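K.L.:
Would you mind keeping the following structure in view while I ask a few things?
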Amino acid sequence: MDKEEQKRIVLITFVLSLLSILVLLLINIRLISVHGIKTALSISTFLTFWWAFYFHIGWKIPILNKILYKENISGTWFGTYDSTDIKSNNSFNGEISLVIKQNFLDLHITSYTEKYKNNSYSEMLTMDKKSERNRLVYVYSQEEVSSSDQFIRKGTSELELSLYKNKAELYGKFWTNSGTIGQLKLRNVTKDYIEFFDDAKIMAEGGGAA
């Protein structure tokens, strides 16, 4: 959650609280009284439940998403990667799937290829005001391939979200601590979480998950 979102949450909470106090005064309920205190506590409880609802479900509802805009990128994405080893200049390419699990407050990304699985441990989804595009940046670590390989492979991906009609695409670049850089291009294939590469590929090809 960025500073702009925090400010808006504080402002909305303040305005709702102020309106509630004005309503109490209009219906002649004394604030400093047992009934007034109970009512104030009820309002506080309502606001707590409201934000809990909003952060987990409400923000996904289009009309409510306008309160605190955040794009919903949760689901399974499938596409391709092209990478180059900086030292040897050898090139590699292949297919990749991303499983993005998101609520308003946080998100987690798991990527799958035919051989490897990576988990994110630092993620950020922001709106670039200049380009008016959503930007996803995440840092990830590869799961251990073998007990004899002690080198921990890590990387960073910086992607932009492109929305056109009913299509959603993520594209951008990545770089790793093993000396490779490359490009990613993916499209959203389902809002479901498909945790297996082969099933995600079948879904992307229009066959549906197994």
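K.L.:
Could you figure out which of (1) under 30 Å from K167 (Cα atoms); (2) surrounded by fewer than 15 Cβ atoms within 10 Å (Cβ to Cβ) isn't true of L98?
P.N.:
Single failed check for L98: (2).
K.L.:
Kindly evaluate F151 against the criterion of being touching a residue at least 12 places away in the same chain (Cβ under 8 Å), in contact with a helix residue (DSSP H, G or I) (Cβ under 6 Å, 6 or more places away or on another chain) and over 14 Å from W77 (Cβ atoms).
P.N.:
When the stated conditions are applied, F151 does not pass them.
K.L.:
May I ask you to list pairs of residues, at least six apart or on different chains, whose Cβ atoms are under 6 Å apart, with the first in region 111-130 being modelled with pLDDT of 90 or more and the second being part of a loop (DSSP other than H, G, I, E, B)?
P.N.:
Pairs found: K117/E143.
K.L.:
Show the residue pairs meeting these rules: Cβ distance below 7 Å; 6+ apart or different chains; first residue within region 42-53 and in the same structural domain as T13 (by TED's automatic domain parsing); second residue aliphatic (A, V, I, L, M).
P.N.:
From residues that are in the same structural domain as T13 (by TED's automatic domain parsing), the pairs are L47/L16.
K.L.:
Name the residue, out of T126, T80, that is within 19 Å of I202 (Cα to Cα) and surrounded by fewer than 16 Cβ atoms within 10 Å (Cβ to Cβ).
P.N.:
T80
For (1) over 17 Å from the mean Cα position of the chain (by Cα); (2) closer than 30 Å to A168 by Cα; (3) modelled with pLDDT under 85; (4) surrounded by 16 or more Cβ atoms within 10 Å (Cβ to Cβ), each residue gets a yes or a no:
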{"site": "L31", "(1), (2), (3), (4)": "yes, no, yes, no"}
{"site": "I43", "(1), (2), (3), (4)": "yes, no, yes, yes"}
{"site": "H56", "(1), (2), (3), (4)": "no, yes, no, no"}
{"site": "W59", "(1), (2), (3), (4)": "no, yes, no, yes"}
{"site": "K70", "(1), (2), (3), (4)": "no, yes, no, yes"}
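K.L.:
Out of the residues in region 1-22 meeting the condition of being surrounded by 12 or more Cβ atoms within 10 Å (Cβ to Cβ) and more than 32 Å from the chain's Cα centre (by Cα), tell me which one is modelled with the highest pLDDT.
P.N.:
If we take residues in region 1-22 being surrounded by 12 or more Cβ atoms within 10 Å (Cβ to Cβ) and more than 32 Å from the chain's Cα centre (by Cα), then S20 is modelled with the highest pLDDT.
K.L.:
Given (1) in a strand (DSSP E or B); (2) surrounded by fewer than 16 Cβ atoms within 10 Å (Cβ to Cβ); (3) in contact (Cβ under 8 Å) with a residue 60 or more places away in the chain, identify the lone condition not met by V189.
P.N.:
(2)
K.L.:
Continuing with this model, one more query. Of all residues in region 45-54, which are of a type in the set (S, T, Y), within 23 Å of L25 (Cα to Cα) and surrounded by 12 or more Cβ atoms within 10 Å (Cβ to Cβ)?
P.N.:
none
K.L.:
If the requirement is being in a strand (DSSP E or B), at pLDDT 90 or above, touching a helix residue (DSSP H, G or I) at 6+ places or on another chain (Cβ under 6 Å) and among the aromatic types (F, W, Y), which of these qualifies: F78, F92, F104? Break it down stepwise before answering.
P.N.:
Numbers: F92 fails: touching a helix residue (DSSP H, G or I) at 6+ places or on another chain (Cβ under 6 Å); F104 fails: in a strand (DSSP E or B).
When all the criteria are applied, what remains is F78.
The values are calculated or read from the model by the stated rules, or taken from the named source; none is laboratory data. No experiment lies behind these values; they were computed from the predicted model shown. Counting neighbours? That spans all protein chains shown, and the Cβs are built from the backbone with ideal geometry, glycine included.
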